[in-house]
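Chemist: Provided herewith is a single structure, encoded as structure tokens, for subsequent inquiry.
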There are 2 protein chains.
Amino acid sequence: MDDRARRIVETAVALAERDGYQAVRLRDVAATAQVALGTVYKRFASKEEILIAALEQESEKLVAKIGKKPVPGDGSRERVHFVFSALTKGLLRRPNLAKALVRSLASGDPNITERVASFHALITAMVMAAIRGEAASEQAEWGGDVDERERTIASILQNVWFASFVGWAGGLHEGSQLLSDIDKTTELLLTD
Amino acid sequence: MDDRARRIVETAVALAERDGYQAVRLRDVAATAQVALGTVYKRFASKEEILIAALEQESEKLVAKIGKKPVPGDGSRERVHFVFSALTKGLLRRPNLAKALVRSLASGDPNITERVASFHALITAMVMAAIRGEAASEQAEWGGDVDERERTIASILQNVWFASFVGWAGGLHEGSQLLSDIDKTTELLLTD
DNA sequence: CGGCAAAATAGAACACGTTTCACTTCTAGT
DNA sequence: ACTAGAAGTGAAACGTGTTCTATTTTGCCG
């Protein structure tokens with residue numbers, strides 16, 4: 001990503017953070033990033049793609065921070081709680097941005113499918129690491145055998161979290177529900 | 001819902017079914033429904049609201065059909081599989097319409113929060129009925145005590161299904177994954 | 001019937017995502 | 001330094017959701 005692209009994403013994040021999705025007006029993004037509208041479209045195919053780039057950036061930042069050290073906690077439940085708590089807090093700290101990002105994530109735009117898949121994979125990997133009690137970064141080295149049961153559980157947890165995230169973004173419930181949904185699920189799925 | 005409103009929703013469904021969300025152009029909807037654009041906006045506050053009305057209609061139709069007789073199957077797993085299978089098939093039969101409806105469901109529009117909540121509640125009720133082996137319609141009469149554990153499991157299943165639905169709409173995977181996600185989850189959550 | 005308030009209509013107007021275009025500025029290679 | 005092609009720019013233009021307005025039609029009440 002070159003300098004201009006970085007400025008564009010940065011600006012989009014700032015605008016979304018302040019006033020949400022609709023405030024990310026591409027004419028404003030261009031002006032604030034000191035770039036022509038045509039340049040925005042040379043870098044990104046659409047508004048959604050800018051926001052997905054922002055999501056990539058934010059989630060990688062968060063996951064890197066979370067995965068730096070081995071996840072603390074004696075039991076898998078505690079560790080899973082920890083990573084989802086960190087992820088959720090990190091995202092909901094800027095609620096308008098978070099809502100804008102979910103919107104892109106759930107937009108159904110076929111042009112971003114791969115990046116959406118990457119996001120899901122990132123979370124799933126992090127959750128699997130938490131279940132096992134490893135640092136998330138180890139999973140890259142590990143290579144081979146992944147327990148099928150653990151993968152299934154991680155994927156269920158991720159789906160529950162994601163659905164709850166979308167629900168929060170749509171005003172269905174408070175942010176705290178994300179974690180309580182996760183806790184209820186781990187109570188049924190993980191024995192520690 | 002009066003006659004014009006019905007025609008509007010009907011037309012929106014037809015257009016979405018043929019060519020998806022972007023094909024539901026409100027000028028076209030108005031013209032086809034033989035109504036002025038202003039009339040569309042007197043009935044519905046936005047395009048999202050028309051599609052949510054369509055979702056309400058379609059999902060009520062489906063759930064009514066599914067909930068008519070007691071859910072077949074000896075075990076709760078089998079029954080849960082049955083209702084999600086019916087729901088999923090009923091929706092994915094018209095994939096473009098289904099994608100358009102998910103998009104509204106996941107749009108995050110605060111003006112439709114209540115109707116989104118109703119949709120989720122409808123599904124959850126249906127799933128709870130399936131777990132217990134009742135006809136879904138009985139749940140209205142039952143009134144009182146709902147087992148907390150069952151409610152939690154139903155809500156997890158619904159979240160998993162919904163997340164998978166959104167994933168399908170975004171091109172992440174085939175429709176068949178919806179059911180296999182549900183099956184994997186019930187294997188871990190229900191003992192029959 | 002005659003008239004009036006409510007609803008519907010046609011169509012203009014506006015905002016914003018997206019596309020296009022004619023022109024200018026950079027940059028790499030000689 | 002010169003030049004060709006790439007990249008950037010500013011501005012116009014288009015599509016579609018949404019709003020607004022002036023006019024017409026409808027349905028009802030006396």
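The values are calculated or read from the model by the stated rules, or taken from the named source; none is laboratory data. This structure is a prediction, so every number in the text was calculated from the model and none was measured. Here Cβ is always computed from backbone atoms with ideal geometry, including for glycine, and neighbour counts include all displayed protein chains.
Chemist: Can you pull out the residues in the range A:1-16 that are loosely packed, with under 13 Cβ neighbours inside 10 Å and within 11 Å of DNA strand C (Cβ to nearest atom)?
Modeler: A:2, A:3, listed by residue number.
Chemist: I'd like to verify a number: residues in the range A:17-40 that are within 11 Å of DNA strand C (Cβ to nearest atom), loosely packed, with under 13 Cβ neighbours inside 10 Å and farther than 28 Å from residue B:110 by Cα, how many?
Modeler: Summing the residues that are within 11 Å of DNA strand C (Cβ to nearest atom), loosely packed, with under 13 Cβ neighbours inside 10 Å and farther than 28 Å from residue B:110 by Cα in the range A:17-40 gives 3.
Chemist: Something else: List every residue pair whose Cβ atoms sit under 6 Å apart, with the two residues 6 or more apart in sequence or on different chains, where the first one lies in the range A:119-140 and is closer than 17 Å to residue A:58 by Cα and assigned to a helix (DSSP H, G or I) and the second, anywhere, is hydrophobic (A, V, I, L, M, F, W, C) and at pLDDT below 95.
Modeler: A:122/A:63; A:126/A:63; A:126/A:136
Chemist: I've got another one for you. Condition first: without any contact (Cβ under 8 Å) to a residue 40 or more places away in the chain and at the interface with chain B (Cβ under 9 Å from one of its Cβ atoms). Now tell me which residues in the range A:174-189 satisfy that.
Modeler: If the condition is that a residue be without any contact (Cβ under 8 Å) to a residue 40 or more places away in the chain and at the interface with chain B (Cβ under 9 Å from one of its Cβ atoms), then A:181, A:184, A:185, A:188, A:189 are the ones that fit.
Chemist: Read through the list (1) more than 12 Å from chain B (Cβ to nearest Cβ); (2) touching a residue at least 40 places away in the same chain (Cβ under 8 Å); (3) in a helix (DSSP H, G or I), then give the number of the only condition that residue A:192 fails.
Modeler: In the conditions (1) more than 12 Å from chain B (Cβ to nearest Cβ); (2) touching a residue at least 40 places away in the same chain (Cβ under 8 Å); (3) in a helix (DSSP H, G or I), residue A:192 misses (3) alone.
Chemist: Let me ask another. From the set of residues in the range A:29-63 that are part of a helix (DSSP H, G or I) and of a type in the set (Ser, Thr, Tyr), which is nearest to DNA strand D (Cβ to nearest atom)?
Modeler: Checking each candidate, the answer is A:39.
Chemist: Can you find, within the range B:3-28, the residue that is farthest from residue B:92 (Cα to Cα) among those that are part of a loop (DSSP other than H, G, I, E, B) and near DNA strand D (Cβ under 10 Å from one of its atoms)?
Modeler: B:25
Chemist: Identify, from the list B:100, B:86, the residue that is within 12 Å of DNA strand D (Cβ to nearest atom) and assigned by TED's automatic domain parsing to the domain that holds residue B:159.
Modeler: Result: B:100 is the single residue among B:100, B:86 that is within 12 Å of DNA strand D (Cβ to nearest atom) and assigned by TED's automatic domain parsing to the domain that holds residue B:159.
Chemist: Also, quick follow-up: Exactly one of (1) at pLDDT below 95; (2) within 14 Å of another protein chain (Cβ to nearest Cβ) is unmet by residue A:144. Its number?
Modeler: (2)
Chemist: Follow-up. If you check residue A:116 against the conditions, is it under 24 Å from residue A:20 (Cβ atoms), part of a helix (DSSP H, G or I) and within 14 Å of chain B (Cβ to nearest Cβ)?
Modeler: It is true that residue A:116 is under 24 Å from residue A:20 (Cβ atoms), part of a helix (DSSP H, G or I) and within 14 Å of chain B (Cβ to nearest Cβ).
Chemist: When the range A:88-113 is examined, which residues are found to be in a helix (DSSP H, G or I), among the hydrophobic types (A, V, I, L, M, F, W, C) and under 13 Å from the mean Cα position of the chain (by Cα)?
Modeler: Those that are in a helix (DSSP H, G or I), among the hydrophobic types (A, V, I, L, M, F, W, C) and under 13 Å from the mean Cα position of the chain (by Cα): A:91, A:92, A:97, A:98, A:100, A:101, A:102, A:105.
Chemist: Looking only at residues that are more than 10 Å from chain A (Cβ to nearest Cβ) and of a type in the set (Val, Ile, Thr) in the range B:81-108, which one is surrounded by the most Cβ atoms within 10 Å (Cβ to Cβ)?
Modeler: Result: B:83.
Chemist: Also, quick follow-up: With the requirement that a residue be in contact (Cβ under 8 Å) with a residue 40 or more places away in the chain and either in a helix (DSSP H, G or I) or closer than 11 Å to residue A:186 by Cβ (or both), what does the range A:65-77 give you?
Modeler: Within the range A:65-77, A:66, A:67, A:75, A:76, A:77 meet the criteria.
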